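The values are calculated or read from the model by the stated rules, or taken from the named source; none is laboratory data. Computed from a predicted structure; not experimentally measured. All Cβ positions, even for glycine, are placed from backbone atoms using ideal geometry, and neighbour counts span all protein chains on display. Heads up: the accessible areas ignore ligands, DNA and RNA and are worked out on the full protein's heavy atoms, side chains in. Shrake-Rupley method; radii C 1.70, N 1.55, O 1.52, S 1.80 Å.
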Amino acid sequence: RVLFRSISVTEMRASITILIITVQPIIQGVVNRETRFTSQRPANEIISKIEEAAKSLDFNVHKQNYKVKLKGHASGRKGHLSVATEVFEVAPSLHVVELRKTSGDTLEFHKFYKNFSSGLKDVVWNCDVIEEEKRS
């Protein structure tokens, strides 16, 4: 069971700053074996977009609660690429989505993520807006 507590605006800004730091490597195009992004969309919408983007790349999709497992049809250098995704609610209107390569080649994961993330533009939260507000 997960309990949420009320937080102040200052605590929320600090949390957002931490999330921006976490997401910064993604914005710069660096993806290792796992990556994360934030979203202000509802979890069911995020999962639907993940499913839609994965199917467009010819991946099998298996959903279970807020976890989605993706498996590529084509076999690459190190077998089939498999990716596990999970959606975490960090605040009522803020989610963190984690993508983790569970099998396959890391370079293939990089290519997959580049194509996959273009299908998620509607749900990924644009952190540049927060950066502009911090500078003002």
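Things worth noting here:
- Residues located in region 32-66, provided they are farther than 22 Å from L94 by Cβ and either among the aliphatic types (A, V, I, L, M) or at pLDDT below 85 (or both): N32, R33, A54, L57, V61
- Verdict on F37 being of a type outside the set (D, E) and open to solvent by 20 Å² or more (accessible area, probe 1.4 Å): no
- Selection count, region 76-95, where residues are open to solvent by 20 Å² or more (accessible area, probe 1.4 Å), closer than 23 Å to W125 by Cβ and either in a strand (DSSP E or B) or small (G, A, S) (or both): 5
- Number of residues in region 85-113 that are free of Cβ contacts under 8 Å to residues at least 60 places away in the same chain and within 14 Å of N32 (Cα to Cα): the value is 8.
- Some residue of region 68-75 being open to solvent by less than 70 Å² (accessible area, probe 1.4 Å) and out of contact with any Leu (no Cβ under 9 Å at 6 or more places or on another chain): yes
- Residues satisfying the stated conditions in region 49-67, i.e. charged (D, E, K, R), buried (at least 16 other Cβ atoms within 10 Å of the Cβ) and either in contact with a helix residue (DSSP H, G or I) (Cβ under 8 Å, 6 or more places away or on another chain) or in contact (Cβ under 8 Å) with a residue 40 or more places away in the chain (or both): K49
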